[in-house]
1. For all pairs of alpha-carbon atoms in the protein assembly as shown, what percent lies in each bin of width 10 Å, listed from the first bin to the last filled one?
2. Roughly how many debye, to the nearest 20, is the charge dipole of the range A:1-149 about its Cα centre, given +1 on each Lys and Arg Cβ, -1 on each Asp and Glu Cβ, and no other charges?
3. Hey, any idea what Rg/Rh is for the range B:117-237, computing Rh the Kirkwood way over Cα pairs?
4. Using only Cα positions of the range B:37-190, each an equal point scatterer, no hydration layer, compute I(q)/I(0) via Debye at q = 0.08, 0.12, 0.14, 0.21 Å⁻¹ and quote the log10 values to two decimals.
5. Report, in listed order, any pair from A:Lys71/A:Lys233; A:Lys127/A:Lys201; B:Lys78/B:Lys128; A:Lys71/A:Lys115; A:Lys98/A:Lys119; A:Lys224/B:Lys78 with a Cα-Cα distance greater than 23 Å.
6. Out of B:Ile117, B:Ile137, B:Trp170, whose Cα points farthest toward the positive end of the dipole of the range B:112-227 (charges: +1 Lys, Arg; -1 Asp, Glu; placed on Cβ)?
7. Could you size up the charge dipole of the protein assembly as shown around its Cα centre, putting +1 on the beta carbon of Lys and Arg and -1 on that of Asp and Glu, and report it in debye to the nearest 20?
8. Above 30 Å lies some portion of the pair distances; for chain B, what is it as a whole percent of all C-alpha pairs?
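All of the numbers you see were taken from the coordinates with simple rules; none came from a lab. On a predicted model such as this, the values are computed, not experimentally measured, just so you know. Here the Cβ positions follow ideal geometry from the backbone for every residue, glycine too, while neighbour counts run over all protein chains shown.
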Amino acid sequence: MQISPEHPPGFPVLRRYFDAELETLRSHLILMGETAIQQVRDALRALVEGNIHLAEQVRAADDRLDELEVKIDDEGVRFMSLRSPVASDLRLVIVGMKTGHDLERVGDEATSIAKRAIKLAAEPPLKPYIDIPRMANIALEMLRDALDCLLQGDEAKAIAVCKRDAEVDDLNRQLYRELTSYMVEKPDTISRAIELMFISKSLERIADHATNVAEETIFLMRGKDVRHTVEVKKTPPPAA
Amino acid sequence: MSAAESITTRRPTTRPPIEASPAAGGPSGRAEGLPPEVTFDIRELSVFYGASPALHNVTLQIHAHEVTAVIGPSGCGKSTFIRTLNRMHELTPGARHTGSIRLRGRDLYAPDVDPTIVRRQVGMVFQKSNPFPTLSIAENVLVGLRLNGVRDRDLLRQRLEESLRMAALWDEVKDILGRPGISLSGGQQQRLCIARALAVRPEVLLMDEPCSALDPLATARIEELINSLRASYTLVIVTHNMQQAARVSDRTAFFYLGRLVEYDATRTIFMNPANPQTEAYVSGRFG
């Protein structure tokens, strides 16, 4: 992760004895990000394939993300208490803790999808799974990009992630409308449609968490909070 | 501090603020909506000890009723810088400077300016507390006034209590004013020195690592004091303690190798400095 700015030639810069602690925090974030992405992928696969065994695995694996979140928080609090970080060190610790929370919530959404996949596997599919995998792909791409920018310090890519959130919001609204009409026309689809609505909402939330990580990356790089600003404002959905 | 005193005249009794030039804007600069009043306007200041340059081309403004922290590694010119603010560097043989320092609009180094008046109006507290060993607590506080010819007992008594109260020391020493100044603890001695500096009613207080020899509790009391003095004085503090600079100051100047690298709001310096050298220094990556 390139956090520290470059220094002019001849300017003496030390590697500090506690830099290893920041490296550990960073490596836990990477592990957490990879785990969260895999959890979402597996939950979606369990849904599409009706694979109850895989869905159960996703539910069981959520504990790992919870543990990592607690570990990152503990490392962050410890670092702030003992090392008195300032500037980019302080931002890294704050962003690390916030990102850890976002990734834990991504894991919760994956677990929620897995639970609903188990329920849906017991019934015939309401409709072919097209929009939900599409949403999932966008949300996962956003999450992957957000984590990449966090690790590589790519501001431009982070802004692009924020702006993509609108795509997922739009798909979520579209799916809601479609599922509502299913429920109106065929009341026996209500329970399955509601499960799918919740899954759609989970994917929309995952995209929101990816957006949060991207915004946190910009704060880390720039020291400026860009949340709710025009710079990262979601592109309005295209007119229907 | 209502009457005016010029830095060109010796007035041995009380110390009202120096007369500001019309261009300085005057103390009304603190009013809401107006830019902060400038106490020191320093332009292209370079200082030399013999042939060796200690400061290069420093330009910055120090604002009234603010605490300005000066940070940087040893030998970067911090102490030289604050010593130029009350002309103390001139006491070093071979010292000379170029550039200008204006104190509320008046050139501090104009030929008609008396350095002793400057030093009365720009007081200084040093790293190591230095009460006069043979003088009592009360005599230590009042020594500046007495040296300036003040004999009025009521005024001296009033100024003694006022200065010790401002230095947050009155309650601890009011019953032992006749004891030697050096009988106090290190932290109390430092506050005694601050009271001594305040007794002549300076406009500015310079502090050169005032807490470096103190324990955490005494340090906390000095920091409380700095915070309370902000309302009445302009303070400039040199410190090696980054957390202290972050806690007590409004603006921070980072010096390196005699140059001013960055000067900005303390919040910016410690949260998001513009210069990578500043970032490296405040985060301890400097070696």
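1. For the protein assembly as shown, the binned pair fractions read 4, 15, 20, 17, 13, 11, 9, 7, 3, 1, 0 percent.
2. 160 debye
3. With Rg and the Kirkwood Rh in hand, the quotient comes to 0.93.
4. Values returned for q = 0.08, 0.12, 0.14, 0.21 Å⁻¹ are -0.30, -0.66, -0.86, -1.29.
5. With Cα atoms farther than 23 Å apart: A:Lys71/A:Lys233; A:Lys71/A:Lys115; A:Lys98/A:Lys119; A:Lys224/B:Lys78.
6. Comparing the listed Cα positions along the dipole, B:Ile137 ranks first.
7. That gives the protein assembly as shown a dipole magnitude of about 2140 debye.
8. Tail of the P(r) past 30 Å holds 30 percent of the pairs.
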